[in-house]
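Laboratory data are not the source of any read-out in this text; all were calculated from the coordinates shown. Because the structure is predicted, anything quoted here is derived from the model rather than measured. Cβ sites come from the backbone with ideal geometry, for glycine too, and all protein chains shown count toward neighbours.
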Amino acid sequence: MAQMQQSHDMVCDFRKYLEDKSHSPHTVRAYAADIRGLFNGQYSAPSGDPIPNLVGRLVATKPTIKDSTYRRKSSALYAFFGFLSDRGHVASEPRILTAYASRSRCLAISDDDFNSLVKAIDGSHLASRDKAMFSLMRDTGLVGEDVLGITYKDFILSEARKEAVMTGDNRRALGLTNQTADFLREYEDSWFEYFDVDLKTDEREPYFRNKFDEGLSPRSVARSFSKYLSRTNLPEMKLMSLRYAFAKHMIDQGFRPQELAFKMGITIPQARHIWETLSKQKNDV
């Protein structure tokens, strides 16, 4: 009973920690539920271990767990580790979670495969939007809310061409290729066909929008990627392949995990896992 109360109190403290870090209410609920599942035995770990050691050897017991669910649980675990570190229970930035993250597949989409994907987008509704959005993700490593929260004002313009996009709390600039700049211009040329909002003057409106002239959701973007991928002969991959393509480009240029973490807006342990996995794939070729 005392152990159950201790677990309950720690989850409550974890929720407060997430709220103080300005996580969304949905994220707070989801992460707290995942960590509560840890204490309730939904994951395997040596019994009787203190919490820091338990976290280090955490593994999912359900082999059919979805990749998206796994990623969320992994993110919840990283957040929980940050909470433990903040409370002084564990040392900062050990390699404690590397084994847990090793199940995820870091597969970077190649240039040729990306061009095949782009060709499959032709003819779809708002095709110019999807080409621009996917190309932007590949150039910058941005996904999800980072991309969907971008506005027109976030782009850096030079001689009528977009050269970079500003993103994140620290407003880091991420460069764009000529291909992405061309896709973005093509998308903007089609605005009058679909949108009533003047995206060049309204700083609050999201740049990427759906057919109802509203902002997109991460789920709809993932569905679109899967739909276009099914039209090709490419191997199975996830939307995150675009993010990993950016990471691989950084690694090929000699970037280390610390620099990769800053560029991608992720933690150093997460960047280290991506760096090690993609570097190994490169060496295996």
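Some notes on this structure:
- Cα convex hull volume per residue for the stretch 111-284 (Å³): 121 Å³
- Aspartates and glutamates with Cα under 17 Å of residue 227, excluding same-chain neighbours fewer than 8 positions away: 113, 122, 130, 236
- Taking 139, 196, 13 and counting other C-beta atoms within 10 Å, the order from fewest to most: 196, 13, 139
- Remark: for residue pairs 162/248; 119/162; 73/153; 131/200, the C-alpha separation exceeds 29 Å in 73/153.
- Gyration tensor verdict on the stretch 211-273 (Cα atoms; rounded if a/c is under 1.5, prolate if a/b is larger than b/c, oblate otherwise): oblate
- Estimated D of the stretch 190-230 in µm² per second, where Rh is the Kirkwood radius over Cα pairs and Stokes-Einstein applies at 37 °C, 0.692 mPa s: 287 µm²/s
- If you take all other residues with their beta carbon under 10 Å from the beta carbon of residue 245, and give Lys and Arg +1 and Asp and Glu -1, the sum is 0.
- Fewest-first sequence of 72, 256 by Cβ atoms within 10 Å of each Cβ: 256, 72
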